[in-house]
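This report refers to the structure that appears directly beneath it.
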Amino acid sequence: MASSYIHRTNSGGSGTTATVSFWAKLNQVTADGGLVQFYTDNSNFMGIYANPTVKFRTYISTAYSSGDMVTYIKHRDPGAWYHYVCVFDTTNGVAADRMRLWINGVRVSASEMNSPVNPSSGYSFTPLVSGSFQINRYNGNTTYSDHDYSHIHYCDGYAYDASYFGEFDSTSGIWKIKTSPSVSYGTNGVFLKMEDRTNLDLDSSPNAHTMTTVGTVTPTYDNPSNNFCTMNGIWY
């Protein structure tokens, strides 16, 4: 997906609460490569993207001044699938809980962030109400990513933690996927399994929304439940 992305425009959704859960295999990070975002314009966007600064660096951003979480957790394994869950919930009475991030089932703490900015109580994010929900794009520019994706959930109006979408294996202790989580999707929510090689942007949620693919998305048999070997070019 190096020059492609999948998108759909929201209509009348919740501006205060949303959950995004997805699995990604980070193949290459050479610029501000988008993972998942909600986009209205270059001053009004929110989402998750990877940046090569300080090796691997992951940002969670909502127009920066309205809410911002910058993590310095290094994702150094190009052969691994990472699970990300991000919650936006300005109805939460605890300021530090209005934006939350889990990576592989573990919530990222404030000590692992650089001066996080918490959204104000009741703040409504325009990109959630009427923006475009986009996969594999950052902001409105042509900066895309070269990653693999699987089981992308967008739950409009709901706040779910990582345990809804994954669980630790009782034997190995490895975080693994829940392929059929019990969640609701609200008005604009979608569930992209990305398992149908002929229809990778198929929405498997009850909404059955029509997604649009720009460019060419290449299918792969590599997935969180059947991880393929990947060449490791990291030398630092």
Put Ser11, Ser109, Ser182 in order of accessible area, largest first, 1.4 Å probe: what do you get? Ser182, Ser11, Ser109
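Averaging over every viewing direction, what projected area does the convex hull of the Cα atoms of the stretch 158-203 cover, in nm²? Write out the running numbers ahead of the final one.
Values: hull surface 16.8 nm².
Mean projected area of the Cα convex hull: 4.2 nm².
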Under a cut-off of 12 Å between alpha-carbon atoms, report the aspartates and glutamates in cross-link reach of Lys176, not counting same-chain residues fewer than 8 places apart. Glu167
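The values are calculated or read from the model by the stated rules, or taken from the named source; none is laboratory data. Just so we're clear, the structure is a prediction, and the values are computed from it rather than from any experiment. Just so you know, the surface numbers come from the protein's heavy atoms only, side chains and all, with ligands and any DNA or RNA stripped out. Shrake-Rupley method; radii C 1.70, N 1.55, O 1.52, S 1.80 Å.
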